[in-house]
Amino acid sequence: MRLPFVFAIAGREIVSTLRDHRAVLANLLIPLLVLPLVMLGLPLLIGGLFGREAVTESEVGAEGLERLPAALVRALSEENIRLIAVPDAAEAVRSEAVVAALEIPATFAAQLRNGNAPLTLYRKSGGLRAELVTEKLTGAIDTFQKARVQAQVRRAGLDPNVLTPVVLTTRDASSAAERASGSLGWLIPFFIVVWTLTGGQMVAIDATAGEKERGTLEALLVTPVRRAEVVVGKFLATLLFGLSAALVAIVGFLASGALLGLLFIGRLSGEAGELASSLGGSLSVRGGAVLALLFSAVLLAALVAALLIAVTLFARSLKEAQSYVAPLSLVLVLPVVALQFAEFFMHPLLYALPAFGTLLLMNDLVQGTFFLRSALWAWGSSLGLAALLLWFALSSFRRESVLFRT
């Protein structure tokens, strides 16, 4: 294979793609501008909602409000809960007059003296605000119960500590990289897959089905360029654009994570700040892990580019090629989504699965862990599948029935 001819074909496809300025700008600017907005907006929105709901007075309906003891009403008030009387707790929630409502039975006071007073809470499932109000409500009731039980224990001449013979303390044992990546660390492999596909398909479709539709493929085949050089050149151009879009997406993700940490996280207090920080995420990858992450990204992008060339080569027109590429988005995104649940079915052999093994490795690198054996399995399987797809594309490119389908 003659490299000058390969680079000439790649340059030809790159120049042809660059002529479509709008498409190129869209593929590069969208991830750079939109992703920071999403990554900044989502954590700040959710964190702000949690923070505001914690300090804002929430209205909770109460059927039989007069039956509640004053101490419990004060405990609820301290948690920024204001009780309003409603004739029917369930109907008040169904009609959305309130997000939650308590039903206090007529025997509540008598049963409270006996130590077993029932309360019924009505709310609609699935609502975020209802969940937040319920959390505040249960916290206030727990506080009331503990104070009441402790008072009864003291009257009996006992130490209230007998109620809690075991005290459990939870400490975060995750590394700095795991804490920095947040719960959205899996988005790094997600961006690489999605934007490699998005950026690469524009080149792959034009370089295969586009050439057939324009009738320029025949002119290319009569030149002294070998067909293997044509396939590899088109593959390199697809890889370049796909990897460029993926890297721009990662830059947008990192920029948003840095801005979130420097400018906004400190303004959110308590659980709201912790939630926004865990959702925002950032990278804390050092030394050789950076090179391993970049090499994994290149291999994954190469696999996606080879798949695009192999698939779009069979299309007779641009529209047909687009219909072939559309299902690939679902096929490639599903393994990335599975990364969120990898800890439930983790096994060393999963690293040997093409594409998925590389995704697992990238997820590990983002979280600060790296094992050479897993890396070799992941890199080898992805490289092998990419080579197999390129060989399949070359075999197809040598078949006249594929090149000149009508």
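Amide H contacts under 5 Å for Ile84: Val60, Gly61, Ala62, restricted to partners 5 or more places along the chain or on a different chain, H placed in the peptide plane at 1.01 Å from N.
Label-to-label distance, Ala90 versus Leu119, with points set 7 angstrom from Cα along the beta-carbon direction: 2.0 nm. Among the GluC sites (Glu not before Pro) within segment 61-137, those in coil by DSSP and having at most 14 neighbouring Cβ atoms inside 10 Å are Glu96. With contacts taken as Cα pairs under 8 Å and at least 6 residues apart, segment 56-163 reaches a relative contact order of 27 percent.
Specify which residue in the list Leu68, Leu83, Val149 is farthest towards the positive end of the charge dipole of segment 56-163, using unit charges on the beta carbon of Lys, Arg (+1) and Asp, Glu (-1), about the Cα centre. Checking the options against the dipole of segment 56-163, the answer is Val149. Classified by the C-alpha gyration tensor, segment 300-352 has a prolate form. Its axis ratio a/c, with a ≥ b ≥ c, is 1.5 or above, and a/b is larger than b/c. Multiplying the residue separation of Leu3 and Thr56 by 0.36 nm and removing their Cα-Cα distance gives an extension gain of 12.4 nm. Each residue in Phe371, Phe190, Phe314 was given a count of other beta-carbon atoms within 10 angstrom of its own, and listing them fewest first yields Phe371, Phe314, Phe190.
Here the spin labels are modelled as points 7 Å beyond Cα on the Cα-Cβ line, and at Leu383 and Arg226 they lie 2.1 nm apart.
Taking a ≥ b ≥ c as the square roots of the Cα gyration tensor eigenvalues, segment 73-216 comes out oblate, since a/c reaches at least 1.5 and a/b does not exceed b/c.
The order of the peptides 214-223, 9-18, 331-340 by mean Cβ neighbours within 10 Å, most packed first, is 9-18, 331-340, 214-223. Shown in residue order for segment 122-131 are the 3J(HN,Hα) couplings computed by the Karplus curve 6.51 cos²θ - 1.76 cosθ + 1.60 at θ = phi - 60°: 9, 7, 8, 6, x, x, 5, 5, 4, 5 Hz (x for Gly and Pro).
The lysines whose alpha-carbon is closer than 30 Å to the alpha-carbon of Lys124, local same-chain residues fewer than 8 away aside, are Lys136, Lys146.
We did not get these values from a lab; they are worked out from the coordinates using the rules stated. Source: prediction; values computed, not measured. Every residue, glycine as well, gets a Cβ built from its backbone with ideal geometry; the counts of neighbours run over all protein chains shown.
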